[in-house]
Amino acid sequence: MNSPPTRPSLGRRVLGMFLTWLFLGAVIGVIGGLGQGGGIQIVCMMIGGMAVLPIAGVLLGLIGGDAKGSVAGAAGGLLGCWIAVCCGAVPIQPQAMNVIVIFGALVGATGFLFVRFLLWKYGMMFRTICWAIGVTPASGKAWALAGHALIPNRLTAYSVHSAPRRGRSPRHRLLSRRMS
């Protein structure tokens, strides 16, 4: 049986976001440097982008941001700018392109977090309203009303889906011997 994928540790996530945004800082520097001229301007803008953007990457890593989402969002921003330049009559300025790429990377890093938070928040509100009016959302399933009972059931070794066994469990007998 396959186990669900585990989330990387906080240190790995922060390091991954730091390196991702360091790379995005270099990309932003190249885009900005091409708008300024060439050569030394590109190198200076790359150093500036690589000095500033990893700070945002560390903060995003701390809140649980996704490095792959950042890259995908930045690539989507670049693709959108490229399509607008090819199909549009007005060229996009490099500063505007930088803003679009950074915004795309931010949306990519935090988009799934935001959607997951919204689903959790509205799901919690829905379950609370159903509990308050006495309605079980799915017929025959009391998951919305009995969610608080899952932890005690797990701790007492009773299965949620079966009736308790007759007599005392070995854990209960051991605890009762120690208490007396």
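Order Ser70, Ser9, most accessible first, counting only protein heavy atoms with a 1.4 angstrom probe. Display every interim value, and only then the final one.
Numbers: Ser70 0, Ser9 65 Å².
The most accessible residue leads, giving Ser9, Ser70.
Hydrodynamic analysis of the range 1-55 uses the Kirkwood radius over alpha carbon pairs. Inserted into Stokes-Einstein at 10 °C and 1.306 mPa s, it gives a translational diffusion coefficient of 127 µm²/s. The 1.4 Å probe gives accessible areas that order Leu119, Leu106, Leu113, Leu62, largest first, as Leu119, Leu62, Leu106, Leu113.
Measuring nothing but how far apart in sequence close Cα pairs (under 8 Å, 6+ apart) lie, relative to its length, the range 1-139 scores a relative contact order of 24 percent. What shape does the range 14-115 have by the C-alpha gyration tensor, where a ≥ b ≥ c are the square roots of the eigenvalues, rounded means a/c under 1.5, and otherwise prolate means a/b greater than b/c and oblate the rest? Verdict is oblate for the range 14-115. Per-residue SASA remark: Met46, around 60 Å² accessible (1.4 Å probe; ligands, DNA and RNA not included).
The values are calculated or read from the model by the stated rules, or taken from the named source; none is laboratory data. What you see is a predicted model; the values in this text were computed from it and never measured. Ligands, DNA and RNA are excluded from the accessible area calculation, which covers all protein heavy atoms including side chains. Shrake-Rupley method; radii C 1.70, N 1.55, O 1.52, S 1.80 Å.
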